[in-house]
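To keep things clear, I will list the structure first and then write my remarks on it.
Every number in this text was worked out from the coordinates using simple rules, so none of it is lab data. Everything numeric here is computed off the predicted structure, so don't read it as measured data. Every residue, glycine as well, gets a Cβ built from its backbone with ideal geometry; the counts of neighbours run over all protein chains shown.
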Amino acid sequence: MTSMVVLGSGIMATALATPLADNGHEVRLVGTHLDREIIDSIKATGVHPNLGLAVPAGVTAYQLEEAAQAFDGVDHVMSGVNSFGVDWAGEQLAGLLRPGMHVISLAKGMQADADGNLTILPVALRNHVPEVLRDQVTWSAIAGPSIAGEVAVRRHTSVVFTGEDASQLAAWREMFATDAYHVWLNTDFVGVEVCAATKNCYALGAGFAQGLLDALGDAAGDRYVNFNYGAALFGQASIEMTQFMELLGGERTTPLGLPGIGDCFVTSMGGRNVRVGRLVGSGLTFSEARAQMPGVTLEGAAAIAVIGAALVRLTERGVVPAERFPLLRHLYEVVALDGPVDVPWETFFGGDGSGS
């Protein structure tokens, strides 16, 4: 049995306690400063209020001020915060990690500097840890496709664990893999994480298809559900994920499996990103749609704002041709600039049907 400490008690971080507990591991769940009510609920009732499920036996909840106690004697750490909490989590880990520990991250997204240079979030997390310690810790990440509630109730789920240390990835798989939670390993750290970030962007766009039907108010929508519209967006998204591999150094084949197309599929089937995209597709500006979803974390929208702005800067610098990434650029116009949905169909697939 291994002890695992998890920083963050959101639904995905908590859901992953299920395969760990099924394999006999102890899980120490540490709430962030935003998770106090969650931790109080688990301590008092054993139930995660947002999942609506009892946490597995073998899970112990800790408030943030108890983090040092939770980390004591543990070698395996999960950073379970979302993309908005990565810098905060990195600062916390800087004071909690020890040489020889192993960290695996859940956050999906990217960060960019003033020149548009993009960084995957596990690297951003790592960069907050002092260099002398950073190099004595292994860094890995979990990518989808994965819906938290399905993991928690043991629905068959196939995911990708990624990192540069192949032996540690194998050790992570040994800890997590069950008859229901299936783990594949991929050492294309950049490629897998870029797919994990961009699929949230494209899933928001997938919501446009249903939103357009909502705006039409057409009874024919019961029979004709805009699958053609969605398929074209999905196809262009797959091309752009491949182009991101070329831009950022991932392997060209990585988007073709679970990390890219597979994860984009499940995220496009529903969830927060799709819901806000549907509202925008129905005719609202993004700001108006966002106002209808108070308190909801929209990682897809955040990623669009970061990556879209980076593409603008990279184009200005001559690094990225202006004709590349037309769908992501349009999503940036819609989300960051509050523009209307006006899909640039003729720019898709290379603009001449070549897909290059």
Checklist line | Total formal charge among the other residues, if their Cβ is under 14 angstrom from that of ALA166, Lys/Arg +1 and Asp/Glu -1 | finding: -3
Item checked: Residue-count net charge about LEU20 - beta-carbon cut-off 11 Å; Lys, Arg +1, Asp, Glu -1 -> -1
Check: With the dipole of the chain worked out from charges on the C-beta (+1 for Lys and Arg, -1 for Asp and Glu) around the Cα centre, which of SER282, ALA107, THR45 lies farthest toward the positive end?
Finding: THR45
Notebook entry, point to check: Counting only Cα, what are the radius of gyration and maximum Cα-Cα distance Dmax of the chain, in Å?
Noted result: 20.4, 64
Notebook entry, point to check: Any idea what the relative contact order of the chain is, in percent, if you count C-alpha pairs under 8 Å spaced at least 6 apart?
Noted result: 15
Margin query: Apply the a/c threshold of 1.5 to the C-alpha gyration tensor of segment 1-71 and tell me whether it is rounded, prolate or oblate.
Written below: oblate
Checklist line | Charge tally in the Cβ shell below 11 Å around ARG98, where Lys, Arg are +1 and Asp, Glu are -1, ARG98 excluded | finding: -2
Next item on the list: Find, among the trypsin sites (Lys or Arg not before Pro) in segment 231-279, those assigned to loop by DSSP (not H, G, I, E, B) with at most 14 other beta-carbon atoms within 10 angstrom.
Entry: ARG252
Note to self: Once the convex hull of the alpha carbons of segment 189-278 is built, what does its volume come to per residue, in cubic angstrom?
What the structure shows: 82
Margin query: Quick check for me: using +1 on Lys/Arg Cβ and -1 on Asp/Glu Cβ, what's the dipole size of the chain about its Cα centre, in debye to the nearest 20?
Written below: 440
Check: Taking GluC sites (Glu not before Pro) that fall in a DSSP loop and have at most 16 other Cβ atoms within 10 Å as cut points, what is the longest piece of the chain between them?
Finding: 1-163
Item checked: Total charge dipole magnitude, segment 153-217, about the Cα centre, Cβ charges on Lys, Arg, Asp, Glu only, Debye to nearest 20 -> 260
Next item on the list: Tally the DSSP beta bridges in the chain and give the antiparallel ones as a percent, rounded to 5.
Entry: 25
Check: 222 nm [θ] for the chain, helices only, -39500 (n - 2.57) per DSSP H run of 4+, per residue, to 500?
Finding: -13000 deg cm²/dmol
Next item on the list: With a point put 7 Å past each Cα toward its Cβ, work out how far GLU288 is from GLU37 in nm, to one decimal.
Entry: 3.0
Margin query: Could you work out the relative contact order of segment 59-199? I mean the mean sequence separation of Cα pairs under 8 Å and 6+ apart, divided by the number of residues, in percent.
Written below: 20
